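A.B. asks: For reference, the structure I am asking about is given below.
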Amino acid sequence: MKIIADSKIPFVQEAFADVAEVTVLDTRQIVPDAVRNTDVLLVRSETKVDDSLLEDSCVQFVATATIGTDHIDTDYLQQRGIGFASAPGSNANSVGEYIVAALLVLEERSGISLAGKTLGVVGVGNVGTIVVRYARALGLDVLQNDPPLARTTGNPVFHSLDELMGVDILTIHVPLTKTGPDKTLHLFDDKRIHAMKPGSILINTSRGGVVETVAIKNALRTHHLAACVLDVWEHEPTIDAELLLLATLGTPHIAGYSFDGKVNGTVMIHRAVCEYFGLVSSWLPHDMSGQGVRSPIVVPESASHSAGLLAAIRSCYDIEVDDANLRRMGTLVDSERGAFFRRLRAQYPTRREFCNHEVEVLPGHAALVDTLKVLGFKKIRTKG
């Protein structure tokens, strides 16, 4: 069996080595001629998989090592009888940690405590569920919105989107859908954004098309929104340069780019391919315990709860570094910006999730220890 795989899928060659002939290609090299004679195609979100890519191919199965599937024409795959799998939930924790990092930076910059503020979570699937738990650990009150779940469960915990318009911070975790009763394309248009509480904050880590670019720029220019955090953008990789200038924090679609999340994606698509073709593989990811993990993080005894928490999180993941790197795009001409955006993603450094890092907390920080545990830290030492 022949497999073509995106080079950004970690361990993909060794994962399938005992069941297939694997060819690893750069994302830009995954073109019709390259996939024509392959049986399996393994991609990430930058590869558009549709008739223009596969029409003359022998592909029998497609898998994306991502939770999002809007880059896949699933109707076309079904019509052709091509099997398909994605990796739902694989990087959900990575996105949850990104939200934590963003919230703590916003708190530091504003000088206003998160405790007692209200967070609205739009979309309570794999990612949103984690965000709800982490937000509560930070002291936020949480309102949840998820129309499909509300209909199927009848759970009164879910509120209408209108009922979330009074929150202080709103974060979006929905797929990009263009039709149907729960269409999310431009869900946050000018009308919806201006229904939000004046001075509130909008965070989008779902898909760029969920938020209308012109609408959010207007809201930021007029200060209807006090701030916004954007990891996703309409028309990636050619993102709107003015919106980047207006954004409080802007990153190049890397919220889910933890190394752990990527490896989870490989594990899930490996399992899916083997099940589809009835194959038996002995592969398991090797020990990654020390990879990308820094020396123990020490929280100063004099630090406040908020400062100590931010210090611990920033040592694991500094969102402001990603923001600064993306803003270098402003020095480039328009024709260079798309390639720069792609390069930031392709060359993204190894980022390990909180559970891999050791934290040393000095006496007097019992509440901080409790918060760190909820956020997923497992290696916490109390010194003294």
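Each reported figure results from applying straightforward, stated rules to the coordinates on display, with no laboratory input. Not measured: the values here are computed from a predicted model. Cβ: placed from backbone, ideal geometry, glycine included. Neighbour counts: every protein chain shown.
A.B. asks: Under 24 Å from L106 (Cβ atoms), touching an Asp or Glu at 6+ places or on another chain (Cβ under 6 Å) and crowded, with 24+ Cβ neighbours inside 10 Å, is that true of T251?
C.D. replies: Here the answer is yes, as T251 does meet what is asked.
A.B. asks: Inside segment 248-284, can you point out the residues that are within 13 Å of T66 (Cα to Cα) and in contact with a Leu (Cβ under 7 Å, 6 or more places away or on another chain)?
C.D. replies: I269
A.B. asks: Kindly provide the set of residues from segment 255-282 that are touching a Cys at 6+ places or on another chain (Cβ under 9 Å) and crowded, with 16+ Cβ neighbours inside 10 Å, ordered by number.
C.D. replies: D260
A.B. asks: In segment 180-212, which residue that is assigned to a helix (DSSP H, G or I) and touching a helix residue (DSSP H, G or I) at 6+ places or on another chain (Cβ under 6 Å) is surrounded by the fewest Cβ atoms within 10 Å (Cβ to Cβ)?
C.D. replies: Step by step, filter segment 180-212, then rank; the result is D190.
A.B. asks: Of the residues G265, G261, G256, which single one is within 17 Å of E353 (Cβ to Cβ), assigned to a loop (DSSP other than H, G, I, E, B) and either of a type in the set (K, R) or out of contact with any Pro (no Cβ under 6 Å at 6 or more places or on another chain) (or both)? Lay out the reasoning, then the answer.
C.D. replies: Details: G265 fails: assigned to a loop (DSSP other than H, G, I, E, B); G261 fails: assigned to a loop (DSSP other than H, G, I, E, B).
From the options G265, G261, G256, the qualifying one is G256.
A.B. asks: I'd like the full set of residues that are exposed (fewer than 12 other Cβ atoms within 10 Å of the Cβ) and more than 25 Å from the chain's Cα centre (by Cα), limited to segment 340-363.
C.D. replies: The answer is P363, and nothing else.
A.B. asks: Every residue in segment 331-374 that is assigned to a helix (DSSP H, G or I), under 30 Å from S7 (Cα atoms), out of contact with any Lys or Arg (no Cβ under 9 Å at 6 or more places or on another chain) and not hydrophobic (A, V, I, L, M, F, W, C), please.
C.D. replies: Result: T331, D334, S335, E336, R337, G338, R343.
A.B. asks: If we only count strands (runs of 3 or more DSSP E) wholly inside segment 40-118, which ones have 1 or more residues that are without any contact (Cβ under 8 Å) to a residue 24 or more places away in the chain and of a type in the set (A, V, I, L, M)? Give the derivation first.
C.D. replies: Values: elements: 40-43, 61-64, 83-85.
The strands (runs of 3 or more DSSP E) meeting that bar are 61-64.
A.B. asks: Now a separate question. Filter segment 210-229 for residues that are under 25 Å from G96 (Cα atoms) and touching a His at 6+ places or on another chain (Cβ under 7 Å) and give the result.
C.D. replies: The answer is E212, and nothing else.
A.B. asks: Same structure, new question: With the checklist (1) farther than 16 Å from D70 by Cα; (2) touching a residue at least 24 places away in the same chain (Cβ under 8 Å) in hand, flag the one item E163 doesn't pass.
C.D. replies: (2)
A.B. asks: Being more than 15 Å from the chain's Cα centre (by Cα), buried (at least 19 other Cβ atoms within 10 Å of the Cβ) and within 20 Å of F340 (Cα to Cα) is the requirement here; does L243 meet it?
C.D. replies: yes
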